[in-house]
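What follows is a single structure, written as structure tokens, with notes after it.
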């Protein structure tokens, strides 16, 4: 059995390495990716292996959870807000500005001006910025579904206010939990639909498309049928598709996710969390050691994994 701290580390590295693989090709069409990297597309982390805003915000959320993950929701969200404000100000540094989403900037900017986390979101935004960062919530509250849902929703609501974002963010955390629990991959879309119910027709319809195309032999056609991932429900469904195609092969999963027409880094970081969580639940550390060694923020990720595991042990 993998030690709890290694399970936490695996998920955070799974996010970061998926993000770093997709980041260089985020705004490229698949044919352009293949023209630059060859017929198989991008397959290895670049050097240096830089992460985007996806990992930056995941780590900000993880820091807050490590500090106050056992506290009441208002206390925890105060910590989340403070960490998101730190991230917002970090974007003033050109070296740290990694293509942040407009809603993430608007919401965290509102937090920086003193607006409550309950009111800071862009009301109609359903970009994927909330679901891309939620994996630590699924890890920490693996054994407390009510808490998982409440914290996932609240963390997303700091920036994104559309019901589809709520549902996808809760769903993203829930899928990490299911992967850690050892739920069979083929059951996971059904469990996801059961959890979200009729809270978001956008998500339900998109997951329905995923289930329709899962058995198609041409993966690229199937991915295009699901969407491009710029919005929350598509990013989650695309990531789940890649995971379901390669549930026991982390590298193949995120390579499939990164080599798409759409939001390559966000889809790959979500898919990476799922693949890493599943293998961690099986006692395996999925992320290649050389990727762990060279990914940006590697040392902090290791420390955060240890801290999250300690908090989880006390819940």
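Bear in mind these aren't lab numbers, they're just calculated from the coordinates by the rules spelled out. Values in this document were obtained by computation on a predicted structure and should not be read as measured data. Please note: Cβ atoms are built from the backbone with ideal geometry, for glycine as well, and neighbour counts cover all protein chains shown.
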Based on the alpha-carbon set only, what is the convex hull volume of the range 4-314 divided per residue, in Å³?
109 Å³
Going by how many other beta carbons lie within 10 Å of each one, how would you line up 241, 190, 88, fewest first?
190, 88, 241
Principal axis box of the range 1-148, alpha-carbon based, largest edge first, Å
50, 43, 27
Enter the Cα centre distance for the pair the range 288-302 and the range 84-116, rounded to the nearest angstrom.
24 Å
Full-stretch length increase - residue 115, residue 43 - with 0.36 nm per residue and alpha-carbon distance subtracted:
21.7 nm
Rounded to the nearest 500, what is the 222 nm mean residue ellipticity of the chain from helices alone, with -39500 (n - 2.57) per DSSP H run of 4+ residues and division by all residues?
-20500 deg cm²/dmol
Just how far, in whole angstrom, is the range 147-218 from the range 30-73 if you go by their alpha carbon centroids?
20 Å
